[in-house]
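Working notes, beginning with the structure itself.
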Amino acid sequence: MTKKVFVSRPIVPDAIDKLKSFFQVEVWNETGPPPKSVLIEKSVECDAFMIEANDPIDFDVINAAKNLKIVSTRAVGYDNIDLSSATEKGILIGNTPGILHESCADFAMGLILTLGRRISYSHHNVLKGNWKVFDQTPYLGTDVHGKTLGLLGVGMIGSAVAKRASGFNMKIIYHSRSRKIDLENQLGLIWKSSLDEMLQESDYVSIHVPLNDDTKKIIGKRELDLMKSDSFLINTSRGGTIDQLALTNALKTHQILGAALDVTDPEPIAHDDPLVSMENVIITPHISSASAATLRNMGIMAADNIIHFFTEGKMLACLNPELLS
Ligand code: GLV
């Protein structure tokens, strides 16, 4: 019997074609995610899912599964998946590490530059017809070179940001559970065992930790209060790592100077959310990995996880490998 694969978005046609040469494939042909009722229905009918980072594969979806053997996410983050329930039910979870870090780091560096040097703000003023005379003074920004970048997390993405920031002549400090001696030797990074100390010393703080119980709202009012009043916060990880209300207040009261958020909580952010209309805030729609090439390569890897599992009993990246043995 041909296996049935449900693909929750039509966005990587090459990956869908590849799956179609092995399996019976059903694609959710909408721009948004399938409703949970559809995920539950497909969980009963299908052998595999290829999903996106915001499809909720929660207890209900997993509990409904009959033949579902593998859920392959076109993402690195898996906070949308109930991994322990999946493992208990014997459902493999695949993801796509090792592909997107360079694209994400390009984007994070872009946000640092855009925020500090007010590139987006000044562009919008030109669009509004406000460039009437040569006057730079409304657009004075903060340098990037010579400033201190504080990295919260230096996994593959955080370290790729460090490499870029070092080329921009930034001083780089980082906080993570373990020291990265290689990065310290290679790029002169300085480890801060205390998050508080890192926040107090940074001009730009960039978040690169996965969202889990330890990192939920890791940046809240207390942490924002520690930051310099002329500093910036950049988030390309998950919206849930920041207490968004506390951030809104910190920006309103000039506790910090600005923020760039590629991720929010919830996503999409409501258009009337106060953060959306703040001039010192840049919000992008969760696209840090989304160069055309990286989106495609992530899709191919997510498809390959399913293909390799059903043809060879192996996966390229598996979050519960104990089920494979
Ligand atoms: C995207 O957000 C990812 O986790 O890959």
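Mind running the shape call on segment 166-233? Use the C-alpha gyration tensor, a ≥ b ≥ c as the square roots of the eigenvalues: rounded below 1.5 for a/c, prolate if a/b tops b/c, oblate otherwise.
oblate
Identify which of 268, 34, 97 has the largest mean-square fluctuation in a Gaussian network model of the chain, with springs joining Cα atoms closer than 10 Å.
Looking only at 268, 34, 97, the biggest GNM fluctuation is shown by 268.
Assuming a ≥ b ≥ c are the square roots of the Cα gyration tensor eigenvalues, decide whether segment 1-68 counts as rounded (a/c under 1.5), prolate (otherwise, with a/b larger than b/c) or oblate.
The shape class here is oblate.
Which ³J(HN,Hα) values, rounded to whole Hz and listed in residue order, are derived for segment 186-198 from phi using the Karplus coefficients 6.51, -1.76 and 1.60 in 6.51 cos²θ - 1.76 cosθ + 1.60 with θ = phi - 60°, glycine and proline given as x?
6, 10, x, 5, 10, 7, 10, 5, 9, 4, 4, 4, 4
Taking Cα centroids, how far is segment 273-319 from segment 2-25 in Å?
16 Å
Working with all protein chains in place, sort 38, 161, 44 by solvent-accessible area computed with a 1.4 Å probe, largest first.
My answer, sorted largest first, is 44, 38, 161.
Could you put 218, 173, 181 in order of accessible surface area, largest first, with the 1.4 Å probe and the full protein assembly present?
Greatest to least solvent exposure: 181, 218, 173.
Could you please state how large a percent of the accessible area of the chain is carbon and sulfur, counting protein chains only and using a 1.4 Å probe?
On the chain, the fraction of accessible area on carbon and sulfur atoms equals 53 percent.
Around residue 124, what is the net charge, scoring Lys/Arg as +1 and Asp/Glu as -1 over all other residues with Cβ under 13 Å from its Cβ?
So the surrounding residues net to +1.
In Å², what does the accessible area per residue of the chain work out to with a 1.4 Å probe?
Value for the chain: 48 Å² per residue.
Near residue 161, within a Cβ-to-Cβ distance under 11 Å, what is the net charge of the other residues, with Lys and Arg +1 and Asp and Glu -1?
0
Going down the table (42/89; 18/89; 192/217), which pairs top 24 Å between alpha carbons?
Check vs 24 Å cut-off fails for 18/89.
Going by accessible area, probe 1.4 Å, with all protein chains left in place, what is the ranking of 88, 184, 267, largest first?
88, 267, 184
Under a 10 Å cutoff between Cα atoms, tell me which one of 280, 249, 130 has the largest fluctuation in the Gaussian network model of the chain.
Largest GNM mean-square fluctuation: 130.
Using the Cα gyration tensor of the chain, with a ≥ b ≥ c the square roots of its eigenvalues, what is the shape: rounded (a/c below 1.5), prolate (a/b larger than b/c) or oblate (neither)?
Since a/c reaches 1.5 and a/b is larger than b/c, the shape of the chain is classed as prolate.
Amide H neighbours of residue 92 under 5 Å, at least 5 residues apart or on other chains, H built in the peptide plane: list them.
70, 71
So which aspartates and glutamates pass the test for residue 66, namely a Cα distance under 14 Å, with those fewer than 8 places away in the same chain ruled out?
Result set, ordered by chain and number: 41, 45, 47, 88.
Which whole-Hz couplings ³J(HN,Hα) result when phi for each residue of segment 243-251 is put into the Karplus expression 6.51 cos²θ - 1.76 cosθ + 1.60, θ = phi - 60°, listed in order with x for Gly and Pro?
7, 5, 5, 4, 5, 4, 5, 5, 6
Short version: ³J(HN,Hα) in whole Hz for each residue of segment 112-119, in order, from phi by Karplus 6.51 cos²θ - 1.76 cosθ + 1.60 (θ = phi - 60°), x for Gly and Pro, what are they?
For segment 112-119, the Karplus-derived couplings read 4, 5, 5, 6, x, 8, 6, 5 Hz, x marking Gly and Pro.
Kindly rank 8-17, 223-232 from highest to lowest mean number of other beta carbons found within 10 Å of each residue.
Per-residue Cβ counts within 10 Å, averaged per peptide and sorted highest first, yield 223-232, 8-17.
The values are calculated or read from the model by the stated rules, or taken from the named source; none is laboratory data. Just so you know, these numbers come straight off a predicted model, no measurement behind them. Positions of Cβ are generated from backbone atoms using ideal geometry, with glycine treated the same way; all protein chains shown enter the neighbour counts. Heavy atoms of the whole protein, side chains included, go into the accessibility calculation; ligands, DNA and RNA do not. Shrake-Rupley method; radii C 1.70, N 1.55, O 1.52, S 1.80 Å.
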